[in-house]
Every structure is written in C-alpha cells, then in structure tokens.
Amino acid sequence: MKPISKHLVVRVFLAMSLAVLTGCMLMMPAMMAPGMLKTSHSEKQEQEQMIKEAVSELALNRGSYNLIELGRIETDGRAFPEAKFREVIVNQIAASGQLVLTEPSQEQAAAAGLTDEDQQVRAILDAELLRLESRDRLELKLKDARSGRIVWEKRFYSLQPSSASSHDH
C-alpha cells in the first residue's frame with residue numbers, strides 16, 4: 001500500500017469509529033429513559049412511604065397536641081417538589097385520624113373527638129426533605145405554638161435514593 005492510502009484508511013477508520021461512538025451517545029438517553037422513569041417513580045414511592053412513616057410516628061409522639069399548624073415546609077427540590085411534599089404531609093396528617101390541621105370545622109373537631117379545651121392545644125410542624133449524596137433526609141420538628149419550644153423532633157433517612165428507607169434518631 002502507498003503511504004497516502006494508509007493515512008486514508010486510518011482517517012476512514014477514525015471517522016467511522018467517531019460516528020459509531022457519537023451515535024451510541026445520542027441513543028443512550030433514549031435507551032436509558034424507561035429505567036430512569038422506573039427509578040424515579042420508585043424513589044417517589046419510597047419518599048412518600050418515608051413521609052407516611054414519619055407522620056405516623058409524629059402522631060404517636062405528639063403528646064397532648066391535637067391541632068397541627070404547618071410551619072416551615074421545605075425541600076431542596078431534588079428529592080421532591082415542594083408543593084408535592086406539602087400535599088403528602090397534609091394528606092398523611094388527615095389520614096392519621098389522630099391529628100387535625102389548624103382551624104378545623106366543628107364537624108372535623110367533633111369527628112376527631114376534640115373538646116373546646118383540646119382545640120386550644122396547638123403545635124407547629126416544620127418539615128424539611130433534602131437529597132444528600134447517597135440518601136434522602138426527612139426532618140420533622142413539632143413546636144409548641146405558644147412558647148416555640150421543640151417538643152419532638154426526629155430525622156428519617158433512606159440509605160440510598162432508590163433503596164428501602166431506614167430511620168435514625
């Protein structure tokens with residue numbers, strides 16, 4: 001072969017290799033998307049389960065507090081959108097059957113068995129959900145509405161964003 005032909009063969013080989021590699025890189029997101037959606041969906045389910053467990057524990061450790069006012073409800077947006085986070089907390093409080101959000105109607109108060117005296121005992125719930133490097137962290141704080149004193153707080157962790165959750169105090 002002539003020296004020019006060797007260069008031409010090498011150039012053609014490199015051009016074809018580049019085209020194949022570029023094509024793979026362009027196709028990779030489309031090929032991975034179904035798996036990523038599944039992971040994202042399972043992460044959301046895991047986070048909702050973690051919130052559900054946290055609110056259940058809150059209900060058990062609320063002391064004499066029956067009425068809960070939502071205070072600071074925040075997320076970094078990477079773990080869960082803030083509006084959805086607030087919605088899940090509100091739904092879990094309502095589903096607990098033990099906690100009532102502030103300003104309940106007379107029907108809600110009666111259904112929850114709250115007396116006029118019970119309705120005076122209020123607490124403020126602060127919640128924060130953050131995506132850390134290898135796991136999510138949910139922190140709940142229950143504060144006395146009058147004094148601002150923290151009466152209960154706990155952090156809940158998932159081991160990994162897509163793994164089963166475990167809890168830590």
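General observations
- Restricted to region 156-168, and to residues there that are within 17 Å of Glu128 (Cβ to Cβ), within 13 Å of the chain's Cα centre (by Cα) and not small (Gly, Ala, Ser), the residue that is modelled with the highest pLDDT is Phe156.
- Whichever residue in region 41-91 is under 16 Å from Asp126 (Cβ atoms) and of a type in the set (S, T, N, Q) and, among such residues, is surrounded by the most Cβ atoms within 10 Å (Cβ to Cβ): Thr75
- Single residue of region 116-144 satisfying the filter (at pLDDT below 90 and within 16 Å of Gly63 (Cβ to Cβ)) that is nearest to the chain's Cα centre (by Cα): Arg122
- Number of residues in region 53-83 that are at pLDDT below 90, among the charged types (D, E, K, R) and touching a helix residue (DSSP H, G or I) at 6+ places or on another chain (Cβ under 8 Å): the value is 0.
- If you go through region 80-102 and keep only what is closer than 15 Å to Leu140 by Cα and among the polar types (S, T, N, Q), you end up with just Gln92.
The values are calculated or read from the model by the stated rules, or taken from the named source; none is laboratory data. Model, not experiment: these values are computed from the prediction. No Cβ is skipped: glycine too gets one built from the backbone with ideal geometry, and neighbour counts run over all protein chains shown.
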